[in-house]
């Protein structure tokens, strides 16, 4: 299942996990393990989600009322806690997304064109 | 912000478990074995406990959590050393309790604003005198001054009144009672800002000599006597022997400067009492007028009033406004502040003791703390832990202190009843807040130093060495103990001076025989006794009956008795070398012929009054030795004449001095005051009327019968002579003395108690320090004994530091006391503020007690076995 070498994986930057969680939930309610898998898959396994950090992050977002949670049943009939985006969460996602895009673009400009090493 | 977390820990743990299942499912789908899938899921999640902890911390008020933990730990520590905890809590409870009690008295009397609207703008008009550095505010004014103020002080709303109350006779349903009346001018209640609850206050027309007889009732009197009858206004009541119309009832919360049952019009006049300074004037600057404006207007008006007084040129006098509160508390302020300072010092000693105990405790806990630090506990956590421990102690001490305060207040009130007004004192929310603040202040004061000290422990030294306390710590404890001794010395000196004052006053020669005499006082401010003839008829017939009673030696009547407050008046010497236009001030007392015989006041020269000294015979007077000493230095007093009011009286006798209370001069609480005795039979109508508005005369009976029996028979005689003349009270001469020395007794008792507590605390502190140091030096002393030092020498070496500390404390304390006793000067009698006897005995006493406190722990050395010490090495 591990398609890439461990060294190619990138640990998430501080603060980006929250953004990615919110983004993932845009497609509908999901449980913690599902969120982690979704982030990993959508990033072609580049981004490594530390499962240990995920749950405190979810709790943080829930406390801020950007996501809400309730217990439900997963596709393979397991009990799981499902998170969904709240109205405040959507607003936060939009805000954070544009901020992140600006930041990424700015850093890209600073770093200049990519130098491909042989 | 601190919203309670909805989610429980178990819910979170369950989610993590669900995650593991889901992840394992996914891994199994990818072809891993069941076992591997589970292991990998676990591995990816990491340390579950760590995640759970993060969840736990995020959701909680961590500080509260830690605080609760610290408190739990503190309580455990306290339980583990019960004697230490008990001593600390007891110390704090006593100190905090005493402070709360005294503070509540101070609060009720000095701090709380008077219960009137805008109390800060209520003023008393006073004349400020300054003469050779001495200053005084004279609050009493003549009617001439009052009229000037009333008619010209346009910036002020003002009213005259007579401060304090006088007993009067009140009759309802054929039953008479003695009640308290205060006389106030029209507008008195308006100036205070409290209108009557029912009816109205007095009008100008009612407040003039000969005006209609009207009365305003206090709420409690209205309730007690008239059962809150709403139709009371307009009803007639029998007061002072004549019908009065009730015009108003004051609300329940209202009080004037004295506990009055009712108020009657002052009726100020330019004759009688109005001639002398007998009125008080309250005033309130009118709306829109500032205090300063009103004050300068009063100064201008006062200049005219002062001009009429013909005061000597080198006296500076100025009329001014003083706040009413300050005037009402001018006699109680200084004594109460002294008591407050004393109780504050006791608290300081208590805190020093607790600090010392905590330091000692801290040094025995060095190992525990070092261990905590060594396994990664923060130094902050240790400081916090220590502070929480002292806070817990202070809170428990504070709660116990409330109980102590309650008991203290009971005692204070009982002690002060009738003699020393301490106001309406109760434990309320203000007191709870004060106690809370005190407890927290104590915990910080006593706890902060040991806490900082403890966290600074040297881990290596504490864990390896055998816990030898650092010398630095010892120095702080030594300083604290010396300080405690110094403060205790100051308090003991103050208490000693007050006790010596009281002892001096109690041992003053009474000048009469106080045993077997009962006095009964009654009011003659009564329409039925408005002439001298009627008064004398009452006295003659009642005394004749009393004299005839079995067991009665003699009976007499007089306006005032020894120890009681006398009336004063002016007389003039009209013949001989010392004849002068100068008025001389003296106490004046009217008496019946057997007065001196009944009290056994010795006649020094001349003759006693006789029944034949009647209204038609020549006017005579008897003076006391103090009068002769003061006013007749060059000529024979016997046979001289005095001009007194409208008559010329001949001095026919001289009697010995008795202890009196004077309103003038510098005689102290009681003293031998110049006195002129006048026969009751020769006293004029208007003097009787004047004097009876202030003072209640007394019957005095000397008998060999038990006092309960004699009071009953006096009561019977009084009710046969006049059934509507109630007896105010029965008093023995010793009771009269106690009443007049109430303030001195209060001061001496409170200060003695507080200084006793201070001494106890200081000695306990010293003893504690010395015991600990002997314990700590056991090894050293043991080695010294083993090396051949004598036991005596070792004891001396162990005890000496304590004695040195005490001596230093005593020296510093004596110096501070010598500098600060000046404050007490005006409250001392028969003893100077720097009384050598007091200072010496306090110093010697303390050194003696301190010597014992240091010697007793040192004596433990005798039980020391040098061999054990060496084996220990």
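The values are calculated or read from the model by the stated rules, or taken from the named source; none is laboratory data. Given the structure is predicted, the values throughout are model-derived calculations rather than measurements. Reconstructed Cβ throughout: ideal geometry from the backbone, glycine too, with neighbour counts over all protein chains shown.
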Top-ranked residue of segment B:12-46 - restricted to ones that are exposed (fewer than 15 other Cβ atoms within 10 Å of the Cβ) and within 7 Å of another protein chain (Cβ to nearest Cβ), ranked as nearest to residue A:55 (Cα to Cα): B:46
Checking residue B:63 against (1) modelled with pLDDT under 85; (2) in a helix (DSSP H, G or I); (3) within 14 Å of chain A (Cβ to nearest Cβ); (4) surrounded by fewer than 18 Cβ atoms within 10 Å (Cβ to Cβ), the condition it does not meet: (3)
Scope segment B:405-415; condition over 17 Å from residue B:106 (Cβ atoms) and in contact (Cβ under 8 Å) with a residue 12 or more places away in the chain; matching residues: B:407
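The rows are residues; the columns are (1) part of a helix (DSSP H, G or I); (2) more than 19 Å from residue B:356 (Cβ to Cβ); (3) modelled with pLDDT of 85 or more.
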| position | (1), (2), (3) |
| --- | --- |
| B:770 | yes, no, yes |
| B:780 | yes, yes, no |
| B:806 | yes, no, yes |
| B:816 | yes, yes, yes |
| B:820 | yes, yes, yes |
| B:844 | yes, yes, yes |
| B:851 | yes, yes, yes |
| B:858 | yes, no, yes |
| B:868 | yes, yes, no |
Selected residue [under 26 Å from residue A:78 (Cβ atoms), in a helix (DSSP H, G or I), without any contact (Cβ under 8 Å) to a residue 24 or more places away in the chain and in contact with a helix residue (DSSP H, G or I) (Cβ under 6 Å, 6 or more places away or on another chain)] from B:41, B:18: B:41
Options B:89, B:106, B:102, B:125: the member that is more than 14 Å from chain A (Cβ to nearest Cβ), within 36 Å of the chain's Cα centre (by Cα), more than 28 Å from residue B:340 (Cα to Cα) and crowded, with 16+ Cβ neighbours inside 10 Å: B:125
Every residue from segment A:58-77 that is out of contact with any helix residue (DSSP H, G or I) (no Cβ under 7 Å at 6 or more places or on another chain), within 25 Å of residue B:24 (Cβ to Cβ) and outside any strand (DSSP E or B): A:62, A:75, A:77
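Of all strands (runs of 3 or more DSSP E) completely enclosed by segment B:260-325, which ones contain at least 3 residues that are in the same structural domain as residue B:179 (by TED's automatic domain parsing) and buried (at least 20 other Cβ atoms within 10 Å of the Cβ)? It would help to see each step written out before you state the result.
Details: elements: B:262-265, B:280-285, B:316-323.
Where strands (runs of 3 or more DSSP E) fall fully within segment B:260-325 and carry at least 3 residues being in the same structural domain as residue B:179 (by TED's automatic domain parsing) and buried (at least 20 other Cβ atoms within 10 Å of the Cβ), they are B:262-265, B:280-285.
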Residue count, segment B:163-174 (criterion: under 22 Å from residue B:237 (Cα atoms) and outside any strand (DSSP E or B)): 3
Selection status of residue B:560, under 24 Å from residue B:687 (Cα atoms), part of a loop (DSSP other than H, G, I, E, B) and not assigned by TED's automatic domain parsing to the domain that holds residue B:176: yes
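Mind checking which residues of segment A:23-35 are facing another protein chain (nearest Cβ under 8 Å) and either more than 18 Å from residue A:72 (Cα to Cα) or in a helix (DSSP H, G or I) (or both)? Steps first, answer last, please.
Within segment A:23-35, the first condition is being facing another protein chain (nearest Cβ under 8 Å), and the residues that meet it are A:31-34.
Selection gives A:32, A:33, A:34.
Mind listing whichever residues of segment B:646-666 are in contact (Cβ under 8 Å) with a residue 24 or more places away in the chain, farther than 21 Å from residue B:608 by Cβ and surrounded by fewer than 16 Cβ atoms within 10 Å (Cβ to Cβ)? Full working, then the answer.
Restricting attention to segment B:646-666, the residues satisfying the condition of being in contact (Cβ under 8 Å) with a residue 24 or more places away in the chain are B:646-665.
Narrowing the set further to residues that are farther than 21 Å from residue B:608 by Cβ leaves B:646, B:661-665.
B:646, B:663, B:664, B:665, listed by residue number.
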Any chance residue B:289 is out of contact with any helix residue (DSSP H, G or I) (no Cβ under 8 Å at 6 or more places or on another chain), farther than 26 Å from residue B:194 by Cβ and in contact (Cβ under 8 Å) with a residue 40 or more places away in the chain: no
Test: residue in segment B:611-622 that is touching a residue at least 24 places away in the same chain (Cβ under 8 Å), assigned to a loop (DSSP other than H, G, I, E, B) and either outside the structural domain of residue B:568 (by TED's automatic domain parsing) or under 16 Å from residue B:572 (Cα atoms) (or both): yes
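So that you can scan it fast, the table gives a plain yes or no per residue for (1) out of contact with any helix residue (DSSP H, G or I) (no Cβ under 8 Å at 6 or more places or on another chain); (2) at pLDDT 85 or above; (3) away from chain B (no Cβ under 14 Å):
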| position | (1), (2), (3) |
| --- | --- |
| A:79 | no, yes, no |
| A:85 | no, yes, yes |
| A:88 | yes, yes, yes |
| A:94 | yes, yes, yes |
| A:100 | no, yes, yes |
| A:104 | yes, yes, yes |
| A:110 | yes, yes, yes |
| A:114 | yes, no, yes |
| A:118 | yes, no, yes |
Unique match (being under 19 Å from residue B:842 (Cβ atoms) and touching a residue at least 12 places away in the same chain (Cβ under 8 Å)) among B:718, B:794, B:752, B:799: B:752
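Given A:38, A:53, A:57, which one is within 22 Å of residue A:76 (Cα to Cα), surrounded by fewer than 22 Cβ atoms within 10 Å (Cβ to Cβ) and within 14 Å of chain B (Cβ to nearest Cβ)? Steps first, answer last, please.
Numbers: A:53 fails: within 22 Å of residue A:76 (Cα to Cα); A:57 fails: within 22 Å of residue A:76 (Cα to Cα).
None of the other options fit; the residue is A:38.
Do the conditions hold for residue B:207, that is, is it buried (at least 19 other Cβ atoms within 10 Å of the Cβ), under 31 Å from the mean Cα position of the chain (by Cα) and not assigned by TED's automatic domain parsing to the domain that holds residue B:685?
Numbers: buried (at least 19 other Cβ atoms within 10 Å of the Cβ): yes; under 31 Å from the mean Cα position of the chain (by Cα): no; not assigned by TED's automatic domain parsing to the domain that holds residue B:685: yes.
Spelling it out, it is not the case that residue B:207 is buried (at least 19 other Cβ atoms within 10 Å of the Cβ), under 31 Å from the mean Cα position of the chain (by Cα) and not assigned by TED's automatic domain parsing to the domain that holds residue B:685.
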Enumeration of residues in segment B:520-535 that are out of contact with any strand residue (DSSP E or B) (no Cβ under 9 Å at 6 or more places or on another chain), surrounded by fewer than 22 Cβ atoms within 10 Å (Cβ to Cβ) and part of a helix (DSSP H, G or I): B:532, B:533, B:534
Flag for residue B:395 being closer than 27 Å to residue B:813 by Cβ, under 30 Å from the mean Cα position of the chain (by Cα), touching a residue at least 24 places away in the same chain (Cβ under 8 Å) and crowded, with 16+ Cβ neighbours inside 10 Å: no
